[in-house]
Amino acid sequence: MHDTTGFKVFRVITVTVLAVFTLVPLYVMVGSSLKPLGDVRGAFTWWPTNLTVQPFIDMWSTVPLARYFLNSLIVSTAATIASVAIAIFAAYAVSRHRFKGRGVFTTTVLSTQMFPGVLFLLPLFVIFVNFTQTFGVQLIGTRLGLIITYLTFSLPFAIWMLAGYFDGIPRELDEAARVDGCSHIGALLRVVLPAARPGVIAVSIYAFMTAWGEVLFASVLTNDANRTLSIGLREYSTQINVYWNQVMAASLVVSVPVVIGFLLLQKQFVAGLTSGSVK
């Protein structure tokens with residue numbers, strides 16, 4: 001299909017509208033974070049009249065933002081590493097081996113993505129309580145419980161995506177590695193996994209972003225000591241005041257890790273989502 005003038009105009013208009021819907025809220029957020037609190041509460045202005053970086057300084061002392069940041073970083077990183085590591089071996093088994101129940105397993109993995117996460121909140125809470133009573137390992141109000149929770153969120157998608165990616169890698173690579181003396185695990189780690197690097201990066205970014213911004217389960221399974229950023233941001237709103245400028249400043253700061261990671265790995269991320277074969 002060749003581009004026509006009408007189609008080009010439509011494409012430009014569509015991209016412009018999408019850009020406006022994306023950039024205007026971001027601009028308002030940045031502008032509000034550079035205003036004194038009184039200006040934010042007053043009449044809205046597109047350009048701050050009293051520019052200040054004080055909200056970026058005060059936001060660390062108004063709430064223990066550094067602790068929340070560390071909690072989110074630890075939980076998101078651990079959940080990502082665990083889910084990707086498990087998904088790699090599970091997806092390799094699904095892709096390379098024909099075992100009894102393989103179809104049921106893949107169907108079950110995909111079906112879990114159809115249900116909203118809120119349906120699993122109460123059952124997961126009950127499981128954690130019973131686990132603590134049985135084994136004495138505290139999961140509610142700890143980082144470990146949140147890591148396990150986020151692991152279950154990202155693992156089904158990671159398995160499904162990596163299995164499809166491994167299917168596109170020629171089996172001859174595995175066979176050549178086996179001839180050279182590698183085991184199945186050795187072939188996976190030395191030959192298949194390097195070829196599947198874009199897919200691994202894609203699921204890693206997905207897993208990290210899922211854990212970094214989750215709110216519902218973090219609000220139930222954490223306490224003051226291990227609260228994450230998504231919950232900690234609510235503390236800028238008190239019974240007597242709402243620090244809107246600090247909320248905007250903190251929102252920008254907590255977005256930095258995800259934005260930087262995506263910018264650095266965007267080529268691999270796109271390749272992992274769109275490519276299913278080794279050329």
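The values are calculated or read from the model by the stated rules, or taken from the named source; none is laboratory data. Computed from a predicted structure; not experimentally measured. Every residue, glycine among them, receives a Cβ derived from its backbone with ideal geometry; neighbour counts consider all protein chains shown. Note: areas computed on protein heavy atoms with side chains; ligands, DNA, RNA excluded. Shrake-Rupley method; radii C 1.70, N 1.55, O 1.52, S 1.80 Å.
At-a-glance table
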read-out: Heavy-atom accessible surface of the stretch 64-232: percent carbon and sulfur, 1.4 Å; value: 70 percent
read-out: Gain in span if fully extended, VAL179 to VAL256, counting 0.36 nm per residue against the direct Cα distance; value: 23.1 nm
read-out: Within the stretch 96-177, chymotrypsin sites (Phe, Trp or Tyr not before Pro) in DSSP loop having at most 10 other beta-carbon neighbours inside 10 Å; value: PHE99
read-out: Per-selection metrics, the stretch 48-192 (Cα): Rg and Dmax in Å; value: 21.4, 71
read-out: Contact order relative to length of the chain, as percent, for alpha carbon pairs under 8 angstrom and 6 or more apart; value: 29 percent
read-out: Cβ-placed point charges (K, R +1; D, E -1), dipole of the chain about Cα centre in debye, nearest 20; value: 400 debye
read-out: Helix axis angle, 197-212 relative to the chain longest principal axis, alpha carbon, degrees; value: 40 degrees
read-out: Projected label distance in nm at LEU23 and LEU144, using a 7 Å step from Cα toward the beta-carbon; value: 4.9 nm
read-out: Gyration tensor verdict on the stretch 1-121 (Cα atoms; rounded if a/c is under 1.5, prolate if a/b is larger than b/c, oblate otherwise); value: oblate
read-out: Sparsely packed chymotrypsin sites (Phe, Trp or Tyr not before Pro) within the stretch 1-85, loop by DSSP, other Cβ within 10 Å at most 10; value: PHE44, TRP46
read-out: Correct choice for mean projected area of the Cα convex hull in nm² that was computed from the model, options (i) 14.8; (ii) 33.5; (iii) 21.7; value: (iii)
read-out: Length released on extending from VAL12 to GLU172, taking residue separation times 0.36 nm less the Cα-Cα span; value: 53.0 nm
